[in-house]
Amino acid sequence: MKRKPFLLLGLVTAACALSVQAQTLRWASQGDPMTMDPHSQNESMTNMINGQVYERLTKRDKNLTIGPGLATEWTQVSPLVWRFKLRPGVKFHDGSPFTADDVVFSINRAKELVSQFSVYAQAVGVPKKLDDLTVEFQLASFNPIFLQHLDTVFIMSKSWSEKNKVVKPQDFKNKEETYAALNANGTGPFMLVSRQPAIKTSFKRNPAWWGNWEGNVQEIVFSQISNDATRLAALVSGEIDFVLDPAPRDVPRLRSTPGVKIIDGPENRLVFISMDQARDKLLYGNVPGDKNPFKDQRVRKALYQAVDIETMRTKLMNGLSVPTGGLTPSPLGSYNDPVIESRYPFDIAAARKLMADAGYADGFEVTLDCPNNRYINDEEICIALATMWAQLKVKVKVNAMPRSLFFPKVEKMDTSMYMYGWGGAITDAETMMTPVLRNRGEKGVGYYNYGNVRNDKFDQLAGQSTLEADPKKREQLIKAALAEHKEQVHIIPLHRQVIPWAARSNVTVVHRADNWFEVPWVTIGAK
């Protein structure tokens with residue numbers, strides 16, 4: 001009889017140990033976050049990982065609606081002034097208090113030229129501390145999507161940044177190494193425990209987090225598993241709990257695999273091809289007369305019309321794509337305009353005529369730069385395009401590489417032709433037009449226009465829409481701008497992704513249209 005309490009105690013202890021073990025989320029993806037610096041690289045995986053540690057003034061719910069985050073309320077005092085009340089009692093992971101000084105510092109840090117968030121931070125104006133828990137933003141001009149822009153900037157600790165000499169963002173493209181690249185100090189639900197790039201990144205729950213936990217995850221272990229088959233085998237065997245990016249060809253099999261489930265939905269992301277349209281001679285190509293064929297709209301349109309997008313959707317993407325002629329991550333960006341959203345038809349004969357009319361009946365050679373661990377089937381898509389464009393006698397060399405090499409390369413505009421994708425939580429056209437499609441300019445305008453496209457008519461229309469307060473007038477400006485860009489075929493849109501996630505059957509997750517994995521919502525049940 002005396003031994004029974006000890007036996008019961010042992011059983012309870014064992015059960016608790018299993019429970020804690022079960023609440024460790026083992027998560028894998030083909031790629032790895034590029035840096036822990038939250039203002040350096042504006043890339044979805046990097047933002048998602050950093051979003052476990054850092055927070056913004058606002059926060060999006062399961063339907064992407066903006067609500068309170070580190071700010072509890074806000075008021076638009078006038079068309080050019082916004083005032084925010086900050087959440088009291090919040091502390092950074094090092095125990096230091098969160099105040100208005102950190103907000104002002106973070107916004108200004110994100111405005112630095114080396115930050116890929118500069119265009120958004122510039123758009124929210126000048127931050128000013130009114131008191132420890134009040135910040136005001138003074139805009140130079142009206143911003144119709146001010147809150148959407150503000151929702152992109154993570155808040156860092158001013159004192160921690162100064163102490164560790166990271167008052168400016170990491171210059172990733174020039175391979176700068178900083179303390180913030182491997183270490184983190186936010187206010188968010190999880191604390192960074194260790195960072196081993198391309199191997200493993202681990203986190204533990206922040207016991208002092210101000211937010212509400214819907215899930216039960218205590219620890220996160222994130223691993224990069226580049227090989228699709230290896231990643232799949234790890235999930236099926238139970239070695240990992242969640243895969244952000246199962247290969248489309250594996251999804252039908254996973255749907256019928258015991259112990260595994262698929263959670264999928266459309267993503268606000270446009271995948272497209274862009275080209276150098278500025279240089280007189282291509283950096284990477286062999287063209288008769290040493291010209292740049294991409295400066296000719298007929299060549300760009302010919303390549304567009306040689307893309308068999310339906311075969312790509314059914315054979316390569318296994319139905320996990322929505323072909324489009326649109327130029328925004330979501331059709332809401334074009335107000336679902338059927339003309340803007342429609343594709344130029346797949347027509348090899350018309351494409352060959354355009355090539356001949358442009359003087360390239362015998363084609364040319366060019367290198368197509370692609371990531372091989374960023375978008376769904378990214379390298380495979382590029383290989384498929386090379387095959388399709390061979391019908392126009394265009395010889396394409398596919399230069400595929402990991403995202404850690406790809407993004408710095410194109411950021412330096414060291415490319416003649418490249419695959420890219422753009423998306424996220426914002427569905428407004430502004431988030432595509434200003435940073436990606438507009439002429440390269442000051443304050444982050446056209447920062448991601450790595451083909452150095454210049455279209456003054458489009459740029460003027462897009463610039464006017466950025467400042468227009470009247471919704472109807474703004475809609476007309478946006479549609480006119482997108483129609484101009486589409487007619488000139490400055491980019492070749494392919495599709496919007498449909499994102500499948502794969503998880504063990506005992507793991508409950510919430511799939512959002514921005515492909516954001518929110519761990520505080522994750523519940524790990526009994527196996």
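The set of residues in the range 185-229 that are outside any strand (DSSP E or B), open to solvent by 30 Å² or more (accessible area, probe 1.4 Å), closer than 29 Å to residue 167 by Cα and not aliphatic (A, V, I, L, M) comprises 197, 207, 210. Filtered by the rule that a residue be open to solvent by 70 Å² or more (accessible area, probe 1.4 Å) and part of a helix (DSSP H, G or I), the range 159-170 gives 162, 163.
Taking the numbered list (1) small (Gly, Ala, Ser); (2) open to solvent by less than 20 Å² (accessible area, probe 1.4 Å); (3) under 26 Å from the mean Cα position of the chain (by Cα) in turn, residue 100 passes all entries but (3).
Every residue, every condition in (1) open to solvent by 50 Å² or more (accessible area, probe 1.4 Å); (2) more than 19 Å from residue 190 (Cβ to Cβ); (3) part of a strand (DSSP E or B); (4) at pLDDT 95 or above, yes or no:
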site	(1), (2), (3), (4)
20	yes, no, no, no
31	no, yes, no, no
36	no, no, no, yes
46	no, no, no, yes
52	no, no, no, yes
55	no, no, no, yes
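With the condition kept exactly as written, say whether any residue in the range 171-184 is under 20 Å from residue 45 (Cβ atoms), among the hydroxyl-bearing types (Ser, Thr, Tyr), part of a loop (DSSP other than H, G, I, E, B) and open to solvent by 40 Å² or more (accessible area, probe 1.4 Å). Looking through the range 171-184, none of the residues is under 20 Å from residue 45 (Cβ atoms), among the hydroxyl-bearing types (Ser, Thr, Tyr), part of a loop (DSSP other than H, G, I, E, B) and open to solvent by 40 Å² or more (accessible area, probe 1.4 Å).
Considering only residues that are of a type in the set (S, T, N, Q) and part of a strand (DSSP E or B), look in the range 273-324 and name the one that is farthest from residue 249 (Cα to Cα). Working first, answer last.
Of all residues in the range 273-324, those of a type in the set (S, T, N, Q) come to 274, 277, 286, 292, 297, 305, 311, 314, 318, 321, 324.
Then keep just the ones that are part of a strand (DSSP E or B); that gives 274, 286, 321.
Details: 274: 26, 286: 35, 321: 13 Å.
Ranking the candidates gives 286 first.
Hey, does the range 475-496 have a residue that's more than 30 Å from residue 292 (Cα to Cα), surrounded by fewer than 23 Cβ atoms within 10 Å (Cβ to Cβ) and among the charged types (D, E, K, R)? Taking every residue of the range 475-496 in turn, at least one turns out to be more than 30 Å from residue 292 (Cα to Cα), surrounded by fewer than 23 Cβ atoms within 10 Å (Cβ to Cβ) and among the charged types (D, E, K, R).
Name the residues in the range 125-146 that are open to solvent by less than 30 Å² (accessible area, probe 1.4 Å) and without any contact (Cβ under 8 Å) to a residue 40 or more places away in the chain, would you?
Start the filter on the range 125-146 by keeping residues that are open to solvent by less than 30 Å² (accessible area, probe 1.4 Å), which leaves 125, 127, 134-135, 137, 139, 143, 145-146.
Across the range 125-146, the qualifying residue is only 127.
The residue that is least open to solvent (accessible area, probe 1.4 Å), among those in the range 230-261 that are over 30 Å from residue 193 (Cβ atoms) and outside any helix (DSSP H, G or I), is 257. Taking the range 285-309 as the range and being open to solvent by 10 Å² or more (accessible area, probe 1.4 Å) and under 12 Å from residue 384 (Cα atoms) as the test, the residues that pass are 308, 309. Could you please let me know if residue 409 is basic (Lys, Arg), touching a Ser or Thr at 6+ places or on another chain (Cβ under 7 Å) and open to solvent by 20 Å² or more (accessible area, probe 1.4 Å)? So residue 409 passes the test.
The values are calculated or read from the model by the stated rules, or taken from the named source; none is laboratory data. These figures come from a predicted structure and were not determined experimentally. FYI the Cβ positions are ideal-geometry reconstructions off the backbone, even for glycines, and counts take in every protein chain you see. SASA here: full protein model, heavy atoms, side chains in, ligands and nucleic acids out. Shrake-Rupley method; radii C 1.70, N 1.55, O 1.52, S 1.80 Å.
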